[in-house]
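Working notes for the structure below.
The values are calculated or read from the model by the stated rules, or taken from the named source; none is laboratory data. These numbers come from a predicted model, not from an experiment. Backbone-built Cβ (ideal geometry, glycine too); neighbour counts: all protein chains shown.
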């Protein structure tokens, strides 16, 4: 118990040495560039809604920054993933491989397609899907039939594989791409948390058939609410735009829609904010990386807990700074959460494993021992770019 | 042909006498109140996203204005209707009665619930569902079983009835409410177009189990993109908020979600715009009503076409001003559309009947002769409040 108290106190002290002793949030947006100028320009133009120059520009800027051929802005990251899955052919009765350790939106997007999430285990080095373990699992549990991957246990098609780049750290994309290829399962990247994160020099979200981003208020940059679909495929891009704009056929005045579409456009008002935020992205990333090095120094001598570091060959955006408790210290997680939050330093655990939630409790899953262990040992700590020392 | 040319010319002249000869849009938003102030305040607070004081205030203001006990703001009108239908119990394999003559979003929302739209005919006096005709149709085509209304032809449950208040004109709510009661079909009002429209002194969207609003850029007031659910039922309100905010259970830090939820919150940024726009609503409504009287005067002597007027006992918002061609003049619709648009006066027809669109061509429908006739005879003309003479 002496040791326990010591670790809890050491964590609080280490955090305070970096963030100070005034109340501090987990992640706050900041608006220090052209946000007001663009918002005002947007309002003055009266084009605040479904079309406008900021929507067009935001899509061009996003494509340019990520190196994706196309970017389609939408109303939020969940909507982006739903459409991405649809474009990958996900349909009623299909299964979609996703990590058990992700935000619930990943699984909800699968459900919106009337498909079933199929939960994969995680690995410690990336916090993402363990590609080697998944490969073994698929070898034993699936067969190939007419170019499709069939789950032998459920007789359903496994249509897509969705890596999620946890807290901005790229998953093992090479391993997962190779599974996608060998087992004929479309790769759709949930890059909601990883704008500004690169795997071997290439931006996350640009490896599979398509990838999706989020610009919610807690993300590295925000549009209020918003998301985007990235793809290098011209037809996927065209179809994504069509589906997210009510599937209306072009005509001077006629209202003809050729499929069930969605009202998923990003309003021009939100895109105006996005254009300004994107201009500031590189500064925010520098500040977040600086914050990481400061935390690294602060936690250097703290035994029993480790600051999570970007995976090999990756450049992470360090969206949410992450502490991982040693396995024998995991019972301290809740005390640390309670003590830090009581000290006005906002911290939070990683998500409850999705297969433990009521709506997904009957979904198929592989052995989830690593994800289960990680789910009890991870604590996110204050991560706003404003906490970095690098001038924004 | 002489007569034809005469009517086309008379329409153009009548329009120009009201809107002038500079290019004019169908419906433009205007921002002449506190929009800048509130947007700036929102940005300065850094609360631009999923929570914030403008979201709370917008919901209170909406409830107060409409006289609804509760208002839940969401990302757009389509999302509002999807959630409204879910709350009415609409599920896979159900049928939902909607007008054939409505914007495609009404039918899409039904599809998102994996249900089937069942198309009802319209009536000339309201442009909404013909309640008497629907009652006769239901008498002949449905039976009551265990308190549910069963379509005898498909053996499916008809779970909900969705009147849509076309261009802001209230449907025959009394007739439809009585059908809802007698046939045990939940009434969910699609009031996307009718903020500011009252039926017998009570705001549209407040009569059924719940109602839905839209604040898209083309509507009477706009939030960029947005919508709301109105209800007088506390439990429906609680559930609507829960479902639209990812169904997360309250907890200081734990991520536990008890059903498949949605990321359908209205961002605080958009709500800030909404609060300012709502303050200006009564001025806009006055201006739109003034525009109606000016059009009425301009079209008084034009034979073969009639300016649509609010139904009896109703106060319409006159969202989109509407011309209805006499039946024997319907072949002139496209010439009028072409000529007016060529003259930079933006006009458009009403929607293609939804049962004629590919995704809905197999949906059940009653006789749609009136809707079919109206769909070929209606032209919307410029309707922005700025075109009214009343000072905003």
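Restricting A:161, A:176, A:187 to residues that are within 13 Å of residue A:208 (Cβ to Cβ), surrounded by fewer than 24 Cβ atoms within 10 Å (Cβ to Cβ) and assigned by TED's automatic domain parsing to the domain that holds residue A:206 narrows the list to A:187. Looking at A:82, A:91, just one residue is at pLDDT 95 or above, over 22 Å from residue A:277 (Cβ atoms), within 14 Å of chain B (Cβ to nearest Cβ) and surrounded by fewer than 23 Cβ atoms within 10 Å (Cβ to Cβ), and that residue is A:91. Criterion first (over 20 Å from the mean Cα position of the chain (by Cα) and either more than 22 Å from residue A:221 (Cβ to Cβ) or within 14 Å of chain B (Cβ to nearest Cβ) (or both)) does residue A:279 satisfy it? Judged against the criteria, residue A:279 is not a match. I'd like the full set of residues that are buried (at least 19 other Cβ atoms within 10 Å of the Cβ), within 14 Å of chain B (Cβ to nearest Cβ) and touching a residue at least 60 places away in the same chain (Cβ under 8 Å), limited to the stretch A:224-253. Within the stretch A:224-253, A:225, A:226, A:227, A:243, A:244 meet the criteria.
The sole residue among B:11, B:24 that is within 19 Å of residue B:306 (Cβ to Cβ) and surrounded by 21 or more Cβ atoms within 10 Å (Cβ to Cβ) is B:11.
Apart from one condition, residue B:147 fits all of (1) in contact with a strand residue (DSSP E or B) (Cβ under 9 Å, 6 or more places away or on another chain); (2) away from every other protein chain (no Cβ under 14 Å); (3) under 22 Å from residue B:235 (Cβ atoms); the exception is (1).
Within the bounds of the stretch B:23-36, is there any residue that is more than 9 Å from chain A (Cβ to nearest Cβ), farther than 30 Å from residue B:233 by Cβ, touching a strand residue (DSSP E or B) at 6+ places or on another chain (Cβ under 6 Å) and in a strand (DSSP E or B)? Checked the stretch B:23-36: at least one residue is more than 9 Å from chain A (Cβ to nearest Cβ), farther than 30 Å from residue B:233 by Cβ, touching a strand residue (DSSP E or B) at 6+ places or on another chain (Cβ under 6 Å) and in a strand (DSSP E or B). Annotation: of all residues in the stretch B:94-108 being within 13 Å of the chain's Cα centre (by Cα) and more than 9 Å from chain A (Cβ to nearest Cβ), the one that is surrounded by the fewest Cβ atoms within 10 Å (Cβ to Cβ) is B:106. For residue B:253, the criteria (1) at pLDDT 95 or above; (2) in contact with a strand residue (DSSP E or B) (Cβ under 9 Å, 6 or more places away or on another chain) hold in every case but one, which is (1).
Look at residue B:379 and say whether it is in contact with a helix residue (DSSP H, G or I) (Cβ under 8 Å, 6 or more places away or on another chain), within 24 Å of residue B:14 (Cα to Cα) and not in a helix (DSSP H, G or I). In short, yes. Condition check for residue B:220 on (1) within 14 Å of chain A (Cβ to nearest Cβ); (2) free of Cβ contacts under 8 Å to residues at least 40 places away in the same chain; (3) on the phi < 0 side of the Ramachandran plot: one failure, at (2). Take residue A:264 and tell me if it is at the interface with chain B (Cβ under 10 Å from one of its Cβ atoms), crowded, with 21+ Cβ neighbours inside 10 Å and more than 30 Å from residue B:343 (Cα to Cα). Yes. Restricting A:354, A:387, A:323 to residues that are in contact (Cβ under 8 Å) with a residue 60 or more places away in the chain and closer than 25 Å to residue A:138 by Cβ narrows the list to A:354.
In the stretch A:129-157, the residues that are not assigned by TED's automatic domain parsing to the domain that holds residue A:191 form no Cβ pair under 9 Å with any partner that is in a strand (DSSP E or B) and crowded, with 17+ Cβ neighbours inside 10 Å, whether six or more places apart or across chains.
On inspection, residue B:240 does not qualify as within 25 Å of residue B:351 (Cβ to Cβ), in contact with a helix residue (DSSP H, G or I) (Cβ under 9 Å, 6 or more places away or on another chain) and modelled with pLDDT of 95 or more. Taking into account only those residues within the stretch B:45-60 that are crowded, with 19+ Cβ neighbours inside 10 Å and touching a helix residue (DSSP H, G or I) at 6+ places or on another chain (Cβ under 7 Å), which is farthest from the other protein chains (Cβ to nearest Cβ)? Per the criteria, the residue is B:58.
Within the stretch A:337-361, the set of residues being farther than 21 Å from residue A:100 by Cα and either under 20 Å from the mean Cα position of the chain (by Cα) or within 11 Å of chain B (Cβ to nearest Cβ) (or both) comprises A:337, A:338, A:340, A:341, A:342, A:346, A:347. Taken over the stretch A:312-325, the criterion of being buried (at least 22 other Cβ atoms within 10 Å of the Cβ) and part of a loop (DSSP other than H, G, I, E, B) is satisfied by A:316, A:317, A:318, A:319, A:320. Scan the stretch B:199-214 and tell me whether some residue there is surrounded by fewer than 24 Cβ atoms within 10 Å (Cβ to Cβ) and within 14 Å of chain A (Cβ to nearest Cβ). No, the stretch B:199-214 contains no residue that is surrounded by fewer than 24 Cβ atoms within 10 Å (Cβ to Cβ) and within 14 Å of chain A (Cβ to nearest Cβ).
Within the stretch B:340-376, being within 26 Å of residue B:219 (Cα to Cα) and either outside the structural domain of residue B:26 (by TED's automatic domain parsing) or part of a loop (DSSP other than H, G, I, E, B) (or both) holds for B:343, B:344, B:346, B:347, B:350, B:351, B:352, B:353, B:357, B:376. Among the candidates A:144, A:140, the residue that is out of contact with any helix residue (DSSP H, G or I) (no Cβ under 9 Å at 6 or more places or on another chain) and more than 28 Å from residue A:380 (Cα to Cα) is uniquely A:140. Inspection of the stretch A:288-300 identifies at least one residue that is without any contact (Cβ under 8 Å) to a residue 12 or more places away in the chain and part of a loop (DSSP other than H, G, I, E, B).
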